[in-house]
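Sharing a structure with you now.
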Amino acid sequence: MIRKFNRNDKQIYIEMAHEFYHSDAVLHPVPDEHFGKTVEEALRKDGFAEIFMLEYDGTPAGYVLTAKSFSQEAGGMVVWIEEIYIRSAYRSKGLGREFFAYLEENRGSDVVRLRLEVEEDNIRAISLYRKIGYEKLDYMQMIKDFRAK
């Protein structure tokens, strides 16, 4: 089951986000205090972030974090699938496919593109993304952080 995040989900979300950022799916962990900031952004009425809870037989099984932005290149709004985390006991049960179908059905008419990043060695995820129609972009991404290091 896919449902939108609410304040009662805060602790389980933070626990799972911590698990995600200490897994092989990411290049490096992020400070745990970032998770609380994400919760507050997702709970804002006009926030940029949205969190979805993934449940299996009523048990929290994972989460997805998305963010919306405008893209001139795409000609409209883009939903970035920032994070997908499914606990190992619930993988290969269709939750990923279920979420992507949910997102496409509920994306809104202003959304013209879905976009995500994936580690090149995450073969399992890449296989799913290709099966459901995602294509590889040949972009190199660059960042400039303004946070203290």
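The values are calculated or read from the model by the stated rules, or taken from the named source; none is laboratory data. Please read these numbers as outputs of a predicted model, since none were measured by experiment. Note that we place each Cβ from the backbone using ideal geometry, even for glycine, and neighbour counts take in every protein chain shown. Just so you know, the surface numbers come from the protein's heavy atoms only, side chains and all, with ligands and any DNA or RNA stripped out. Shrake-Rupley method; radii C 1.70, N 1.55, O 1.52, S 1.80 Å.
Here is a list of conditions, (1) open to solvent by less than 100 Å² (accessible area, probe 1.4 Å); (2) in a loop (DSSP other than H, G, I, E, B), and residue 129 meets all of them except one; can you say which number that is?
(2)
Quick one: residue 36 ticks every box in (1) touching a helix residue (DSSP H, G or I) at 6+ places or on another chain (Cβ under 8 Å); (2) under 24 Å from residue 126 (Cα atoms) except a single one, so which number is it?
The single condition residue 36 does not satisfy is (2).
How many residues, within region 1-51, are in contact with a His (Cβ under 7 Å, 6 or more places away or on another chain) and charged (D, E, K, R)?
Residues in region 1-51 being in contact with a His (Cβ under 7 Å, 6 or more places away or on another chain) and charged (D, E, K, R): 1 in total.
Could you check region 42-59 and list, in sequence order, the residues that are farther than 10 Å from residue 2 by Cα, touching a helix residue (DSSP H, G or I) at 6+ places or on another chain (Cβ under 9 Å) and at pLDDT 95 or above?
42, 43, 49, 50, 51, 59, listed by residue number.
Could you please give the count of residues in region 90-123 that are more than 16 Å from the chain's Cα centre (by Cα) and within 17 Å of residue 20 (Cβ to Cβ)?
Selection size over region 90-123: 2.
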